[in-house]
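Novice: Sharing a structure here in structure tokens format.
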Amino acid sequence: MGKGGKGAEAAAAAVAGAGEEENMAAWLVAKNTLKIMPFKLPPVGPYDVRVRMKAVGICGSDVHYLREMRIAHFVVKEPMVIGHECAGVIEEVGSGVTHLAVGDRVALEPGISCWRCRHCKGGRYNLCEDMKFFATPPIVHPGDLCFKLPENVSLEEGAMCEPLSVGVHACRRADVGPETGVLIMGAGPIGLVTLLAARAFGATRVVIVDVDEHRLSVARSLGADAAVRVSARAEDVGEEVERIRAAMGGDIDVSLDCAGFSKTVATALEATRGGGKVCLVGMGHNEMTVPLTSAAIREVDVVGIFRYKDTWPLCIEFLRSGKIDVKPLITHRFGFSQEDVEEAFEVSARGRDAIKVMFNL
């Protein structure tokens, strides 16, 4: 399974009885159906740690899996444990783990790559085709994918390192820096963490665009220089590009599309200056119709991102130093009963005033 899920075979094995210790987890068993059921842990290997989860956020991909049982070509064929934005406390360490101890608070990078393929050996392990993504609590995980949190960073903030990593990776891919005028399409959770990341990377001016005025007001409070409300109508792109350019007051060097729809990508391509860059972050539509010829003759580069790589240390440093504050994004909190899980996903799927919904375990 890809982003947001545990491999079906591994999930089935967990249910079947791999390991000896049993804990409860939220399982996606059918479309729009989540059930809290037992999850059996494997033994802790020499380079593994066992983590008791304390904070878990709901990702948009979790909601998408719940609604559709798939994202792009990642299809849920058997029950899977859902959730991957998390932080917790170390309960056990393997004999070969020297940088962590029982009681340490850690944020977890959820993807376990093979470290043998071309992508892994080339340093782009996020593209590993054999990537295994874990899901919610508690888990046994490689110690080198667990990052100790400073005293002034909470477990909830630690869990936010996962979505923040998407924004950090996007800014790296797009070469955002102190002389960059940045346009962000979409003010959902990923658009907002990307806004925070762009600010931390030193972008000179950030303009954000969305259809929802409440999300735009949140973006303004987080430091957006301008927020432009747009429609969902494709025929409005031309007029809206002019308003976006006016709001920027200069060249749009980089556009980060955090929505993934035909209209948002078309807007980003048209608004970006010649020689600029468009980074595709959101995964809304699998297929799109966009004005590529216009972008090509202006030599607008188009790059994509998938997950992230080597981002947790920087995210934690941004949080420790106060350069990024993710706390305002956490709008709703729930426990971990069957009722809580169902209500939390309903709130997250509804959107509106919900940005990041968090489980406190």
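The values are calculated or read from the model by the stated rules, or taken from the named source; none is laboratory data. Treat the numbers as computed from the prediction; the structure is a model and nothing was measured. Every residue, glycine among them, receives a Cβ derived from its backbone with ideal geometry; neighbour counts consider all protein chains shown. Note: areas computed on protein heavy atoms with side chains; ligands, DNA, RNA excluded. Shrake-Rupley method; radii C 1.70, N 1.55, O 1.52, S 1.80 Å.
Novice: Extension gain residue 298-residue 112, at 0.36 nm per residue separation less the Cα-Cα distance, in nm?
Specialist: Between residue 298 and residue 112, full extension yields 63.1 nm more.
Novice: Follow-up question, since we're still on this one. Hand me the GluC sites (Glu not before Pro) from region 193-289 located in a DSSP loop with no more than 16 other Cβ atoms within 10 Å, in residue order please.
Specialist: 287
Novice: For region 167-304, what's the relative contact order in percent, using C-alpha pairs closer than 8 Å and at least 6 residues apart?
Specialist: Here the relative contact order equals 23 percent.
Novice: Also: GNM on the chain, C-alpha springs below 10 Å: top fluctuator among 153, 49, 168?
Specialist: 153
Novice: Kirkwood Rh, region 167-304, all Cα pairs: how many Å?
Specialist: About 14.2 Å, per the Kirkwood formula over Cα pairs.
Novice: Which longest uninterrupted range of the chain lacks any trypsin sites (Lys or Arg not before Pro) assigned by DSSP to a loop state (not H, G, I, E or B) and surrounded by at most 16 other Cβ atoms within 10 Å?
Specialist: Here the longest run is 125-232.
Novice: Taking the simple approach of a point 7 Å from Cα along Cα-to-Cβ for both residue 92 and residue 287, what is their distance in nm?
Specialist: Modelled inter-label distance: 5.0 nm.
Novice: Which value, in Å², gives the accessible area per residue of region 167-304 when a 1.4 Å probe is used on the protein heavy atoms?
Specialist: 41 Å²
Novice: Right, here's the next one. Tilt of helix 161-173 relative to the longest C-alpha principal axis of the chain, in degrees (0 to 90, nearest 10)?
Specialist: Compared with the principal axis, the helix lies near 40 degrees.
Novice: Let me ask something else. Please compute the contact order of region 264-303 in relative form: average sequence separation of alpha-carbon pairs under 8 Å and at least six residues apart, divided by the residue count, as a percent. Spell out each step's value before the answer.
Specialist: On the way: 41 pairs, mean separation 22.5, N = 40.
With pairs under 8 Å counted, the relative contact order is 56 percent.
Novice: Among the Cys residues of the chain, which have no other cysteine Cβ under 4.7 angstrom away?
Specialist: That list is 59, 86, 114, 117, 120, 128, 146, 171, 258, 279.
Novice: Tally up the carbon and sulfur contribution to the accessible surface of the chain as a whole percent, 1.4 Å probe, everything protein left in place. Before the final figure, lay out each step's value.
Specialist: Numbers: 7770 of 15300 Å².
Result for the chain: 51 percent of the exposed heavy-atom area is carbon or sulfur.
Novice: Something else: What per residue convex hull volume, in Å³, do the alpha-carbon atoms of the chain yield?
Specialist: Normalising the Cα hull of the chain by residue number yields 130 Å³.
Novice: Separate question: Would you calculate, for the chain, the mean residue ellipticity at 222 nm contributed by helices, counting each DSSP H stretch of 4 or more residues as -39,500 (n - 2.57) and dividing by all residues, to the nearest 500?
Specialist: Result for the chain: -9000 deg cm²/dmol, rounded to the nearest 500.
Novice: Which distance in Å, rounded to a whole number, links the C-alpha centroids of region 164-218 and region 82-120?
Specialist: 28 Å
Novice: With axes computed from alpha carbons, what is the tilt in degrees of helix 338-350 against the longest principal axis of the chain, rounded to the nearest 10 within 0 to 90?
Specialist: Between the helix axis and the principal axis of the chain, the angle is about 10 degrees.
Novice: While we're looking at this one, here's another question. Cross-link list 40/327; 77/309; 77/356; 40/77; 54/132; 148/277: which exceed 29 angstrom alpha carbon to alpha carbon?
Specialist: 40/327; 148/277
Novice: Roughly what angle does helix 189-200 make with the longest principal axis of the chain, taking Cα atoms, 0 to 90 degrees, to the nearest 10?
Specialist: Taking the Cα atoms of the chain, the angle to 189-200 is about 70 degrees.
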